[in-house]
Each structure stands twice: as structure tokens, then as C-alpha cells.
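> Provided herewith is a single structure, encoded as C-alpha cells, for subsequent inquiry.
The values are calculated or read from the model by the stated rules, or taken from the named source; none is laboratory data. Because the structure is a prediction, the values reported are computed rather than measured. So basically every Cβ, Gly included, is an ideal-geometry build from the backbone, and we count neighbours across all protein chains shown.
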């Protein structure tokens, strides 16, 4: 398999906010889109569905926060659950789970390095983390010729 052109949507799942990013149509450049505030009823999924509809991606890439050892924990379980909610709300768009270790830390460091005031990070850090998740997925696909991460399966989405 070779690199697949096409827009991808990146999602950084947090307990309070969800960062959303996208790639260009060629799948080369990723850019921040929006930070969504999590709602107990999942209302932000409606906004995410509109974003997906606007950009018509070939897939949605959801960050899977693994521990430094590579093992899954509570945050991974929460990300898998959220990815399942996305799949139920936005059927027909493949969802891939991609290791996102340290992307939020790296996003904060990048924002500090760019001279952004730390108090203002909260509004954009999740978007930056989502772009980093996409960048990592794209780099893996370019180097291996295979899509990055794990394809979400029907068993997960049927929960």
C-alpha cells in the first residue's frame, strides 16, 4: 500500500475539551480547527459531525493515550469509548486509534517555544495536540505505506 491522499480529521480527546484538527486534501499539512467543550450528553459530537461533513475526510484519527510503557490505562479506555461514540454519531467514516503519547506535553512546549502566554494555552493546546496526532499518523503512513494505528472495529462501536 502507498500513501493515501485525502483529508483526515484528528481528534485529541480530553476529559474537559476535545481538540480537532484536519489535514489538507492531499493529506500533507495539518492545521488546527476547533476546541470543543465536552458535554455530559455528548452534544459536542454534533459539532464534530458538522466539521466532518464540511471536510469529507477519508478517516478520523483519534489519539490513544498510552502510558510511557506502551500499556493502556484509564485514559486509553476513555479514548476508545469516545471513539466508539464518534463512530455511532458519524457512521461510514473509518476511525483509527493512534498512539498519542506526550502530544499534549509537546503541544504545551511548542506553544511556550512560540512565545504564547501559558495562561492562553488552554484555548488552543488541544487543537495543537490534534495536529500533532495527525502529523504522527501521516509520518507513519509515509514511512510504512500503511495507515497508522488501529482501525476501530464494530465490537467497540456496538458498546
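> I'm trying to understand the selection: among the residues of region 42-64, which are touching a strand residue (DSSP E or B) at 6+ places or on another chain (Cβ under 8 Å) and touching a residue at least 40 places away in the same chain (Cβ under 8 Å)?
Once the filter is applied, which keeps residues that are touching a strand residue (DSSP E or B) at 6+ places or on another chain (Cβ under 8 Å) and touching a residue at least 40 places away in the same chain (Cβ under 8 Å), region 42-64 yields 48, 51, 52, 55, 57, 58, 59, 60, 61, 62, 63, 64.
> Exactly one of these conditions fails for residue 20: (1) in contact with a strand residue (DSSP E or B) (Cβ under 7 Å, 6 or more places away or on another chain); (2) buried (at least 20 other Cβ atoms within 10 Å of the Cβ); (3) at pLDDT below 95. Give me its number.
(3)
> For region 1-17, which positions are within 21 Å of residue 125 (Cα to Cα) and out of contact with any strand residue (DSSP E or B) (no Cβ under 6 Å at 6 or more places or on another chain)? Let's see the steps before the verdict.
Just the residues of region 1-17 that are within 21 Å of residue 125 (Cα to Cα), to begin with: 8-17.
Of everything in region 1-17, those that are within 21 Å of residue 125 (Cα to Cα) and out of contact with any strand residue (DSSP E or B) (no Cβ under 6 Å at 6 or more places or on another chain) turn out to be 13, 14, 15, 16.
> Do you know which residues across region 23-43 are under 19 Å from residue 100 (Cβ atoms) and surrounded by 14 or more Cβ atoms within 10 Å (Cβ to Cβ)?
23, 27, 30, 32, 33, 34, 35, 36, 38
> Can you pull out every residue in region 44-96 that is more than 15 Å from the chain's Cα centre (by Cα) and assigned to a loop (DSSP other than H, G, I, E, B)?
Those that are more than 15 Å from the chain's Cα centre (by Cα) and assigned to a loop (DSSP other than H, G, I, E, B): 56, 67, 68, 69, 70, 71, 72, 73, 91, 92.
> Kindly indicate whether any position in region 70-91 is touching a strand residue (DSSP E or B) at 6+ places or on another chain (Cβ under 9 Å), surrounded by fewer than 22 Cβ atoms within 10 Å (Cβ to Cβ), modelled with pLDDT under 80 and closer than 24 Å to residue 41 by Cβ.
no
> Exactly one condition in (1) assigned to a helix (DSSP H, G or I); (2) modelled with pLDDT of 90 or more is false for residue 147; which is it?
(1) is the only condition that residue 147 fails.
Yes/no per residue for (1) part of a helix (DSSP H, G or I); (2) modelled with pLDDT of 80 or more; (3) surrounded by fewer than 17 Cβ atoms within 10 Å (Cβ to Cβ):
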site: 101; (1), (2), (3): no, no, yes
site: 109; (1), (2), (3): yes, no, yes
site: 116; (1), (2), (3): no, no, yes
site: 128; (1), (2), (3): yes, yes, no
site: 138; (1), (2), (3): yes, yes, no
site: 142; (1), (2), (3): yes, yes, yes
